[in-house]
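Only one structure is covered here, and it is reproduced in the block below.
The values are calculated or read from the model by the stated rules, or taken from the named source; none is laboratory data. The shown structure was predicted, so the numbers you read here are calculated from the model rather than taken from an experiment. Here the Cβ is made from the backbone with ideal geometry for all residues, glycine too, and neighbour counts use every protein chain on show.
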Amino acid sequence: MDEMNDQIRRVIREHGHLSVDIDSLADDADLYQAGMASHASVNVMIALEDAFDVEFLDSMLKRSVFESVDSIAQALTEVGVEA
Amino acid sequence: MTITAGTDAGLVAVARRIADEVAAPNAAEVDKEARFPAETVAALREERLLSALVPVELGGAGASLETIAQVCFELGRRCGASGMVFAMHQIQVACMVDHRGAGAPWFDDYLREVVAEQRLIASITSEVGTGGDMGKSVAAVSEPDAEGRATFEKQAPTVSYGPHADAFLTTVRRAPDAEPGDQVAVLTRREQMEMEPQGTWDPLGMRGTCSPGFVAKAAFAVEQILPVPFSTISAETMTPVSHILWSHVWLGIATDAFDRARAFVKAAAKRKPGEPLPAAIRLSELMSELSLLRAEVGLALREYCDLHAGDRAKLAEMATILRFNNLKIAASEQAPKVCQEALGVCGIVGYKNDTPFSVGRHLRDAMSARLMVANERIHATDASLLLIAKEV
Ligand SMILES: Cc1cc2nc3c(=O)[nH]c(=O)nc-3n(C[C@H](O)[C@H](O)[C@H](O)COP(=O)(O)OP(=O)(O)OC[C@H]3O[C@@H](n4cnc5c(N)ncnc54)[C@H](O)[C@@H]3O)c2cc1C
């Protein structure tokens, strides 16, 4: 789990354009409240697909699924990434 | 023309009568003087149509979105501005009905008041500094005081029927330190607001919407904040419902432009029976353009109603957002195109403002469609979503 979350955090750091340091946020902290804009969230999704070599389902491509490190980890698990 | 099933024929018949008997005879003056279509709104109030969307358990008619869309079409056909005022009001009501949340008695009470007093609700979503990007705000809700009262101040560039509304649904940041995209929607009564007018309203079209700028200051109770994030309200209700109801108004405008072109061709055919009539061919071409618009608008309405009644979570998915953004772009480009082609059919009598075949107002009204949230902005959003969405 830790490895997956670390990689998620790396992607968010690079593409999420947060207004705070991702290291200062808990795994369940709201990324949008931390300044992630819609456009940046799409870049996070694309980078996650690339980093984990998976494709999200349409049913996962919505704001709430990319709300926190935890919710992203859950979505990745659903598409077959081993925690 | 009936756009969909699932409509309340009685309510639509009432709306059609108001459109024909009240909106139509005043449309030219409303346009010329850029004045509010007060008599149409009074007639809608009289028939309790302002609360049609309010659920039966709160005293409303519990009308379907299909019915409301058909009313937008009927009004838009006779007076684009009247149709747009009605559409915008219903969008605010739909947001409250969908997102008032369980155990939010303030909004239940307010919706009862919409029924009893036929309140007219305006919206303050756009803002100086963010333009048409509804997903960001500059203004913020202040820190609530000990009694749970808060304030905001928002620079609003365009507030339709601002001087005539009883209440306003305004987007603002959730708190003074919240990010631009961390928004809520607040419903405030006119008495709770100080509206300082900014500039004038002398636009190309949609003149009767009376939409000048304001500095809007409000003091309110925190219960008046809708209890879900604006991002949810926007994705599930405000954006798709806006695109659906606006596009029904635009379809109404385009349909009347087509009807006028058709009346022109028929009159010409009567004058010279049997003679070749080039305008008749153009009319036939125009009909196929109108039918494309009608198909897109009608289909989008059905798809939304199916999702809303069934799998509402799907409304937040990117593929769905793309779908209803596409409706807006397609309808806002096709409606003025139909009006312009109708002008081509009617010629100079269509160009003049005072003939039975005038379509100048239709064309000017329809041209507002592409900038009610700039199509360029929607394309930019779609371009980004298309990079990641799967089935679209
Ligand atoms: C009839 C009418 C009634 C209205 N009523 C209301 C109302 O009641 N309440 C309310 O809040 N608002 C209302 N509006 C405002 C409207 O909804 C828009 O928010 C407003 O028109 C946006 O301002 P803008 O045209 O300056 O566009 P902006 O979105 O600020 O854009 C400015 C310019 O930049 C271009 N642009 C923007 N983004 C991009 C991009 N990504 N790529 C390329 N070009 C881009 C646009 O095309 C435009 O030319 C109304 C508008 C109209 C026409």
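Kindly check whether there is at least one residue in the stretch B:174-183 that is in contact with a strand residue (DSSP E or B) (Cβ under 7 Å, 6 or more places away or on another chain), within 14 Å of chain A (Cβ to nearest Cβ), in contact (Cβ under 8 Å) with a residue 40 or more places away in the chain and crowded, with 24+ Cβ neighbours inside 10 Å. There is at least one residue in the stretch B:174-183 that is in contact with a strand residue (DSSP E or B) (Cβ under 7 Å, 6 or more places away or on another chain), within 14 Å of chain A (Cβ to nearest Cβ), in contact (Cβ under 8 Å) with a residue 40 or more places away in the chain and crowded, with 24+ Cβ neighbours inside 10 Å. Here the condition is being more than 14 Å from chain A (Cβ to nearest Cβ), under 26 Å from B:ALA366 (Cα atoms) and among the charged types (D, E, K, R); of B:ARG271, B:ARG260, it holds for B:ARG260 alone.
I need a count of the residues in the stretch B:345-392 that are of a type in the set (Ser, Thr, Tyr), within 16 Å of the ligand (Cβ to nearest atom) and part of a loop (DSSP other than H, G, I, E, B). Before you say what the answer is, go through the steps one by one.
Residues of the stretch B:345-392 that are of a type in the set (Ser, Thr, Tyr), as a first pass: B:351, B:355, B:358, B:368, B:381, B:384.
Still in the list and also within 16 Å of the ligand (Cβ to nearest atom): B:368, B:381, B:384.
Going one step further and asking which of them are part of a loop (DSSP other than H, G, I, E, B), we end up with B:368.
Residues meeting the conditions: 1.
Contact annotation: residue pairs with Cβ atoms under 7 Å, 6 or more positions apart or on different chains, pairing a residue in the stretch B:199-211 that is not assigned by TED's automatic domain parsing to the domain that holds B:ALA81 with a partner that is of a type in the set (A, V, I, L, M, F, W, C) and within 7 Å of the ligand (Cβ to nearest atom), are B:MET206/B:MET84; B:THR209/B:MET84; B:SER211/B:VAL159. Among the candidates B:VAL138, B:VAL128, which residue alone is in contact with an Asp or Glu (Cβ under 6 Å, 6 or more places away or on another chain), more than 7 Å from the ligand (Cβ to nearest atom) and in the same structural domain as B:TRP201 (by TED's automatic domain parsing)? Only one candidate passes the filter, namely B:VAL138. Take B:GLN155 and decide whether it is surrounded by fewer than 24 Cβ atoms within 10 Å (Cβ to Cβ), among the polar types (S, T, N, Q), within 16 Å of the ligand (Cβ to nearest atom) and modelled with pLDDT of 95 or more. Taking the combined requirement at face value, the residue satisfies it. Please list, ordered by first then second residue, the pairs with beta carbon atoms under 7 Å, 6 or more apart or interchain, first in the stretch A:1-28 and of a type in the set (Gly, Ala, Ser), second exposed (fewer than 13 other Cβ atoms within 10 Å of the Cβ). Between residues of the stretch A:1-28 that are of a type in the set (Gly, Ala, Ser) and residues that are exposed (fewer than 13 other Cβ atoms within 10 Å of the Cβ), there is no close pair. For beta carbons closer than 8 Å, sequence separation of 6+ or different chains, a first residue in the stretch B:138-161 that is away from every other protein chain (no Cβ under 14 Å) and farther than 22 Å from B:MET206 by Cα and a second that is among the charged types (D, E, K, R) and within 11 Å of the ligand (Cβ to nearest atom), the qualifying pairs are B:VAL138/B:GLU127; B:VAL138/B:LYS154; B:ALA139/B:GLU127; B:ALA139/B:LYS154; B:LYS154/B:GLU127. For B:HIS164, the conditions (1) touching a residue at least 24 places away in the same chain (Cβ under 8 Å); (2) within 14 Å of chain A (Cβ to nearest Cβ) are fulfilled apart from (2).
Away from chain A (no Cβ under 12 Å), touching a residue at least 12 places away in the same chain (Cβ under 8 Å) and under 24 Å from the mean Cα position of the chain (by Cα): does that describe B:ARG364? Lay out the reasoning, then the answer.
On the way: away from chain A (no Cβ under 12 Å): yes; touching a residue at least 12 places away in the same chain (Cβ under 8 Å): yes; under 24 Å from the mean Cα position of the chain (by Cα): yes.
Spelling it out, B:ARG364 is indeed away from chain A (no Cβ under 12 Å), touching a residue at least 12 places away in the same chain (Cβ under 8 Å) and under 24 Å from the mean Cα position of the chain (by Cα).
Taken over the stretch B:310-344, the criterion of being part of a loop (DSSP other than H, G, I, E, B) and either touching a residue at least 60 places away in the same chain (Cβ under 8 Å) or buried (at least 17 other Cβ atoms within 10 Å of the Cβ) (or both) is satisfied by B:GLU317 alone.
When you check B:GLU117 against the structure, is it among the acidic types (Asp, Glu) and within 15 Å of the ligand (Cβ to nearest atom), yes or no? Taking the combined requirement at face value, the residue does not satisfy it. Taken over the stretch A:17-60, the criterion of being farther than 18 Å from A:ALA73 by Cβ, buried (at least 18 other Cβ atoms within 10 Å of the Cβ) and either more than 7 Å from every other protein chain (Cβ to nearest Cβ) or not polar (S, T, N, Q) (or both) is satisfied by A:ALA37, A:ALA40, A:VAL42, A:ASN43.
Taking each residue of the stretch B:118-132 that is closer than 16 Å to B:ARG377 by Cα and in a loop (DSSP other than H, G, I, E, B) and looking for partners that are among the aliphatic types (A, V, I, L, M) and near the ligand (Cβ under 6 Å from one of its atoms) with beta-carbon atoms closer than 6 Å, six or more apart or interchain, yields B:GLY132/B:VAL373; B:GLY132/B:ALA374.
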